[in-house]
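A quick write-up on the structure given underneath.
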Amino acid sequence: MSTVNASGWRPEMGETDVMTAATFTGNRALMLEEALIFEIGDSHTTGVDFDPAPRVQSRLGGLERQRDIGLPGLSEPEAVRHYTRLSRQNYAIDLGLFPLGSCTMKHNPRLNEKVARMKGFLDAHPMQPQETVQGALAVIHELAEWLIRLTGMHGVAMSPKAGAHGELCGILAIKAALDARGEDRPVILVPESAHGTNPATAAFAGFRVENIPATPEGRVDVAALKTRLGPDVAGVMITNPNTCGLFERDLKVISDAVHAAGGYVYCDGANFNAIVGRVRPGDLGVDAMHINLHKTFSTPHGGGGPGSGPVVLSEALSPYGPIPFVAKMPDGSFKLVEEESAGEMHPETFGRMTAFHGQMGMFTRALAYILSHGADGLKQVAEDAVLNANYVLRSLEGTLEAPFAASGPCMHEALFTDDNLAEGFSTLDIAKGLIDEGYHPMTVYFPLVVHGAMLVEPTETESKAALDQFIGALRSVANRAKQGDPALKSAPHFAPRRRLDETLAARKPVLVWKEAELPIAAE
Amino acid sequence: MTRYFTDEHEWIEVEGTTATVGITDYAQSQLGDIVFAEVPAVGAQLFKGGDAAVVESVKAASDVYAPVSGSVTEANDALADDPALVNSDPEGAGWFFKLELSDPSELDGLMDAAAYKAFVDSL
Amino acid sequence: MRYLPLTDSDRQAMLATIGAASVDDLFIDVPEEARLNGPIAGLPMHASEMAVERHFSALARKNMAAAHHPFFLGAGAYKHHVPASVDHLIQRGEFLTAYTPYQPEIAQGTLQMLFEFQTQVARLFGCDVANASMYDGSTACWEAIGMAGRVTKRKKAILSSGLHPHYVSVAQTMARFTGDTLDLAALDMAQSDTARLLASIDSETSCVVVQYPDILGRIEDLGPIAAKAHEHGALLITVVTEPVALGAIKAPGEMGADIVVGEGQSLGVGLQFGGPYVGLFACKEKFVRQMPGRLCGETVDAEGKRGFVLTLSTREQHIRREKATSNICTNSGLCALAFSIHMSLLGEHGLRELAALNHARAVQAADRLTSIPGVSLVNDSFFNEFTLKLPANARDVVHRLAAKKVLGGVSLGRLYPGQATLENGLLVAVTEVVSDEDIETLAVALQETLVEGVGA
């Protein structure tokens, strides 16, 4: 005898379609709506208790605040519930495969979080006397050594705050080196497949940007690049592996040509994950490369930062790198080289890029990741990342168009286009359809060099079973797009929100919450 | 009154030595929903082929170039409040700016309506 | 290896699907001479979780942690008590391991939080709008100078000598490459820089940059500087490195600041030896299209429900490329979340209480420390940080205090190396975490140190 079904429902009773029925709360079971703090809190409520302040004579210079700030407070249970409910409206690596190409959404080990929170790191002030922070300086130095060894470079600037900041660091080092040579070279060459930060960074540093075309197989057109080199070219910015997911097999040839023409090679290291432990950019003639610790070295993306973007530098550029940095002294102690000692220890520096010493909280996490893997594990990281991407690429042959599939194996990401979909269907529809399948979409419409790009980066922290399920889902959604399934046009159907009106948001920007104007009573 | 077109999809309507400039219906259809238009300041000196204005959709920003040289006499302030005018009436109420021509002979190289239509059809 | 789920048989099966004999076949595009045959020589192999933890524990123990000692450092990074729920909430995987909210349907948690954060920051600073955060205060400060240049189409910025020296250095580095002119002056303990600022503003000036409270902790009315700047078509940029202060003193926006930037580390974010922190950036609404960084805006979805998206993104690098307002890509999302949670827990009432407590503690500490013979107070006004003039080189004193297990402040000699007139200055920050006992311990240690004599 089976147990009684307490719900009272039996298969022969069928189902009533309640999908469209409204609920009183607007909630749908575990899908919970949440108001803004300005709607649920008020200025008298607080979730923090303080001892009463001793009575003193104010010394605020007569500038005591008179006006209300307008900050709502929440009690602790309200706050915990508010943010917990909000969190459940996010997709995250912890929930599932996150195939966002060039973003490297790999698992974020929790050991990293644990070590970053050790009191000696979390609770150390950046301006403490150096003898009281030798452990923190040792971490920065140890990570710096790893980055130098893994890339085969000469030096590393640890202070850049994120990848784009690291790019800026590399470009400023190039500019400083040219200044030291007394040369004015106003042009930086950037392949058209580059990430938008590359031209933005070069322009920010005062360079003029010129595009270099790609070959039909998705790599830099070496002949075109060589033709353009000359005394006005400061250098090139090349992403390797590139944004089409391919290894720039001629990078060494390019580097030699650029160096012969008196320029420098900046490598965008956003995709270092594909080659870490297997290829050293220093062996390819690179002069500067930023490393996104939040990509290759697993520090959390945090919903958009904080990142960290150390920059490895060649012997030619190292003298110009920013301050501060950590030096190991002959007695084994660590010294932070700041403005004061730069004149003696690093006289050619282009200066400081940020207050204090960089993203220490990311250094501890990245180093924990690196030590956990070791030289052997990091090599395996690259191999599994590339294996997973090629598995996705080949498994979807015949389903989606892969423009560069014939160009050889891909590296850590597989590029598809929206060619051969039904009339009126595009990449966007596939992306939104994947949301309903329980996935974050891949990177869409980037790189710009192919039509309706879909860039899939599975990373090495996915199992074969997870990949097989994702491949099945993508195949199913792609087939719906090929067949012209109208339901796909209005996807996602099952997410906390349907497609959002971005035109409205941009035409009439509402960037802060304002109290609704009270309705005026009818006369 | 004569209306000319450029291969960057601007139109210019000339009356004597003054002209009104906007983007074509084809241009707005390519850009999609316009969310913002930045028009030049009155008095600004524009040069043929140089940056004159900016038009933005949600995902793209495009420069509008000056079809001919001249100084700006009036800008369409209505676009600030209602950029959608560029979508709904690109070659009328969605105009961008007016200018005093500095060299009317620069009009010579521009297309007329028929030539522009043929140009668009070829794209 | 614990973070890699593929088994060897998985790898073989996948290689068969791909049609490759070995994984080396996937790396054939790497030139022969750059291929590495095995793990990079001379580097350690993989390690267990326990071994890694042990390594870090040993290094962490070599640092003096703020919580374990009487602690008085500030200068742009402050130790405040962070409620336990803040760190718990930011470690929820859905926040911690999410990406930038480019797919808004499945990122409403991050987006709504950013919308709330932007509103909190704008209100705190007395501005119309704020962005979704920057790297830190120093980079936000430079971005504000760049933005003022775009708004005014001028290239000369006047920086107050009371601006944090690292912030000045960052601006100098950038200005060298962008061709902006920076009008600077040496810090003077005897008087603020306001008279020079007022005298220097002219029709070439793009902006005046003033820190509030300034690097020495002094608080001055920004109204006259704002008025003079506006008279000449220039902008006033105010830099706030201690946002808790604004629970006690007027908001910069209230006094006419056009752009207000700051370091948000004080709320929710730990000291972390200097980063990651969170840059705050707010301004008047009319300048919003010249702002750098991400912005979150309200909209509706296809069913008419309220929702949030990243908006005005045509300003940014991924669309504008070389014409972008900044090359900035990331914000400091998780730190912004920590800031916002802490601020929501405090609320108006809590923030004002916190600010009052900080000020009261600082007043008590200033009174106690200036009772030491030879020690005088530089400031007429201050919030939770003030500058002492010692009868000795303050750098030496700080090291002596550290040897006595007291973290006694930041010496001006460290911040301004080589400036003899500043070498006796000691910057002392006093927050709610400082106890009566801590103040007494510092006072006694400082007096002993001065009596013993330093630098002998």
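The values are calculated or read from the model by the stated rules, or taken from the named source; none is laboratory data. Because the structure is a prediction, the values reported are computed rather than measured. Glycine gets a Cβ as well: all are built from the backbone with ideal geometry, and neighbour counts include every protein chain shown. Heavy atoms of the whole protein, side chains included, go into the accessibility calculation; ligands, DNA and RNA do not. Shrake-Rupley method; radii C 1.70, N 1.55, O 1.52, S 1.80 Å.
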Single match in C:A148, C:A84 (criterion: open to solvent by less than 10 Å² (accessible area, probe 1.4 Å) and modelled with pLDDT of 95 or more):
C:A148
Of the residues that make up the range A:487-502, is at least one in contact with a helix residue (DSSP H, G or I) (Cβ under 9 Å, 6 or more places away or on another chain), outside any loop (DSSP other than H, G, I, E, B) and hydroxyl-bearing (S, T, Y)?
no
Among helices (runs of 4 or more DSSP H) entirely within the range B:27-123, at least 2 residues that are of a type in the set (S, T, N, Q), on the phi < 0 side of the Ramachandran plot and open to solvent by 20 Å² or more (accessible area, probe 1.4 Å) occur in B:85-88
Condition (residue is surrounded by fewer than 24 Cβ atoms within 10 Å (Cβ to Cβ) and either of a type in the set (S, T, Y) or modelled with pLDDT under 95 (or both)) applied to the range A:292-310: is it met by at least one residue?
no
For A:C103, which of the numbered conditions (1) at pLDDT 95 or above; (2) within 7 Å of chain C (Cβ to nearest Cβ) fails to hold?
(1)
Answer residue from the range C:113-127, given it is open to solvent by 10 Å² or more (accessible area, probe 1.4 Å) and out of contact with any Cys (no Cβ under 7 Å at 6 or more places or on another chain) and is farthest from C:S344 (Cα to Cα) among those:
C:G126
I need a count of the residues in the range A:82-105 that are in contact with a strand residue (DSSP E or B) (Cβ under 9 Å, 6 or more places away or on another chain), open to solvent by 30 Å² or more (accessible area, probe 1.4 Å) and not in a loop (DSSP other than H, G, I, E, B).
0
List the pairs whose first member sits in the range C:336-347 and is outside any helix (DSSP H, G or I), whose second member is crowded, with 24+ Cβ neighbours inside 10 Å, and whose Cβ atoms are under 9 Å apart, counting only residues at least 6 apart or on separate chains?
none
Scan the range C:282-311 and report the pairs whose first residue is within 20 Å of A:S490 (Cα to Cα) and whose second residue is polar (S, T, N, Q) and in a strand (DSSP E or B), with Cβ atoms within less than 9 Å and a gap of 6+ or a chain change.
C:R306/C:T299; C:G307/C:T299; C:F308/C:T299; C:V309/C:T299
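Name the residue that is surrounded by the fewest Cβ atoms within 10 Å (Cβ to Cβ), counting only residues in the range A:175-214 that are polar (S, T, N, Q) and either without any contact (Cβ under 8 Å) to a residue 40 or more places away in the chain or part of a helix (DSSP H, G or I) (or both).
The qualifying residue surrounded by the fewest Cβ atoms within 10 Å (Cβ to Cβ) is A:N211.
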Please count how many residues of the range A:298-317 are closer than 20 Å to A:P109 by Cβ and outside any loop (DSSP other than H, G, I, E, B).
0
Residues that are closer than 30 Å to A:K379 by Cβ, at least 2 per element: which helices (runs of 4 or more DSSP H) completely within the range C:1-94 meet that?
C:8-18, C:49-60
Within the range C:236-268, of all residues that are among the aliphatic types (A, V, I, L, M) and open to solvent by 10 Å² or more (accessible area, probe 1.4 Å), the one nearest to C:C141 (Cα to Cα) is C:M255
Looking only at the range A:124-140, filter to residues that are buried (at least 19 other Cβ atoms within 10 Å of the Cβ) and more than 7 Å from every other protein chain (Cβ to nearest Cβ); which one of those is farthest from A:F363 (Cα to Cα)?
A:L137
Residue under evaluation A:A194, criteria (1) in contact with a Ser or Thr (Cβ under 9 Å, 6 or more places away or on another chain); (2) at pLDDT 95 or above, criterion not met:
(2)
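Identify, please: which residue in the range A:403-447 is among the polar types (S, T, N, Q) and closer than 30 Å to C:S22 by Cβ and is, among those, nearest to the chain's Cα centre (by Cα)? Please lay out each step first, then the result.
First, the residues of the range A:403-447 that are among the polar types (S, T, N, Q): A:407, A:417, A:420, A:426-427, A:443.
Of the ones still in play, those that are also closer than 30 Å to C:S22 by Cβ are A:407, A:417, A:443.
Values: A:S407: 27, A:T417: 23, A:T443: 12 Å.
Only one residue tops the list, namely A:T443.
Residue-by-condition table, conditions (1) more than 10 Å from every other protein chain (Cβ to nearest Cβ); (2) over 29 Å from A:P199 (Cα atoms):
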{"residue": "C:P252", "(1), (2)": "yes, yes"}
{"residue": "C:A257", "(1), (2)": "yes, yes"}
{"residue": "C:V260", "(1), (2)": "yes, no"}
{"residue": "C:G268", "(1), (2)": "yes, yes"}
{"residue": "C:F273", "(1), (2)": "no, yes"}
{"residue": "C:L280", "(1), (2)": "yes, no"}
{"residue": "C:R294", "(1), (2)": "no, no"}
{"residue": "C:V300", "(1), (2)": "no, yes"}
{"residue": "C:V309", "(1), (2)": "no, no"}
Scanning for something closer than 30 Å to C:A132 by Cα and not in a helix (DSSP H, G or I), does the range C:361-382 turn up at least one residue?
yes
Please work out which residue is nearest to A:G484 (Cα to Cα), limiting yourself to the range A:422-438 and to residues that are open to solvent by 10 Å² or more (accessible area, probe 1.4 Å) and touching a Pro at 6+ places or on another chain (Cβ under 7 Å).
A:K432
Say we look at the range A:59-81 and pick out the residues that are under 28 Å from A:H301 (Cβ atoms) and more than 7 Å from chain C (Cβ to nearest Cβ); which of these is most open to solvent (accessible area, probe 1.4 Å)?
A:R81
Here the residues within the range B:21-55 that are among the charged types (D, E, K, R) and without any contact (Cβ under 8 Å) to a residue 24 or more places away in the chain are B:E38, B:D51
Among the residues of the range A:215-229, count how many are out of contact with any Leu (no Cβ under 8 Å at 6 or more places or on another chain), closer than 16 Å to A:C267 by Cβ and in a loop (DSSP other than H, G, I, E, B).
0
Please go through (1) farther than 14 Å from B:T20 by Cβ; (2) of a type in the set (A, V, I, L, M); (3) within 12 Å of the chain's Cα centre (by Cα) for B:A41 and return the number of the only condition it doesn't satisfy.
(3)
Exactly one of (1) in a loop (DSSP other than H, G, I, E, B); (2) buried (at least 23 other Cβ atoms within 10 Å of the Cβ); (3) within 10 Å of chain C (Cβ to nearest Cβ) is unmet by A:T459. Its number?
(3)
For a quick check of your reading of the model, give me the residue pairs whose first member lies in the range C:97-125 and is facing chain A (nearest Cβ under 7 Å) and over 20 Å from C:L312 (Cβ atoms), whose second is in a helix (DSSP H, G or I) and open to solvent by 10 Å² or more (accessible area, probe 1.4 Å), with beta-carbon atoms closer than 7 Å and at least 6 apart or on different chains.
C:I106/A:I435; C:G109/C:E94
